[in-house]
1. Take every Cα-Cα pair in the range 49-138 and report what % of them are more than 23 Å apart.
2. Lys and Arg at +1, Asp and Glu at -1: add these up for the other residues within a Cβ distance under 9 Å of residue 50 and post the number.
3. Compare the Cα positions of 95, 33, 76 along the charge dipole of the chain (+1 at Cβ of Lys, Arg; -1 at Cβ of Asp, Glu; about the Cα centre) and return the one farthest towards the positive end.
4. After finding the eigenvalues of the alpha carbon gyration tensor for the chain, what semi-axes result from the square roots of 5 times each, listed largest first in whole Å?
5. With axes computed from alpha carbons, what is the tilt in degrees of helix 137-153 against the longest principal axis of the chain, rounded to the nearest 10 within 0 to 90?
6. Divide by every residue of the chain the summed helix terms, -39500 (n - 2.57) for each DSSP H run of at least 4, and state the resulting mean residue ellipticity at 222 nm, rounded to the nearest 500 deg cm²/dmol.
7. Highest GNM mean-square fluctuation, the chain, Cα pairs closer than 10 Å: which of 45, 108, 121?
8. At q = 0.18, 0.20, 0.26 Å⁻¹, work out log10 I(q)/I(0) for the range 1-92 with the Debye formula, treating every Cα as an identical point scatterer and leaving solvent out; two decimals please.
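Each value in this text was obtained by applying a stated rule to the coordinates, not by laboratory testing. Note that the structure is predicted; figures quoted are calculated from it, not measured. Here the Cβ is made from the backbone with ideal geometry for all residues, glycine too, and neighbour counts use every protein chain on show.
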Amino acid sequence: MTTLTVNGKQMTVNADPATPLLWVLREDLALTGTKFGCGMALCGACTVHLDGQPVRSCSTPLSAAAGKRVTTIEGVGASRTGKVVQAAWAEADVPQCGYCQSGQIMSACALLAKNKAPKDAEIDAAMSGNICRCGTYNQIREAIHGAAATLAKGA
């Protein structure tokens, strides 16, 4: 049995500690917003926050999350930054197919938690591990700048 806090709720799961966190979230906890992309931590579709840091859940074992705070796309909107980023995503019309968007949003929230006014190069560096097959990189950058501006206003 492994205990972790997911989206603010303490949960206990009966899974092999070596099981990737992605599968525990999706199969044991029915949190399907986190997507399986490549299974090798290369595409970013499975990005979640572990104690506030973005991690690839497809390659993070459950044991690494034991006793820690996990935030998924289902819970990120509970924070002000998450709510603002999600609104900026809609405003900039980012999603096309939408498959990568949960990972993109999680990475953007982690960036803005550390850097309140990122420049294009900083956004590109922070988001470089997230692949968008639809090529919405310009809209993603626009949404991050928009979210940063909103957060700076305190609105």
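1. 21 percent
2. So the environment of residue 50 carries a net charge of +1.
3. Farthest towards the positive end: 76.
4. 26, 16, 12
5. 80 degrees
6. Dividing the helical sum by the residues of the chain leaves -11000 deg cm²/dmol.
7. 121
8. Cα-only, vacuum Debye calculation for the range 1-92: -0.75, -0.91, -1.41.
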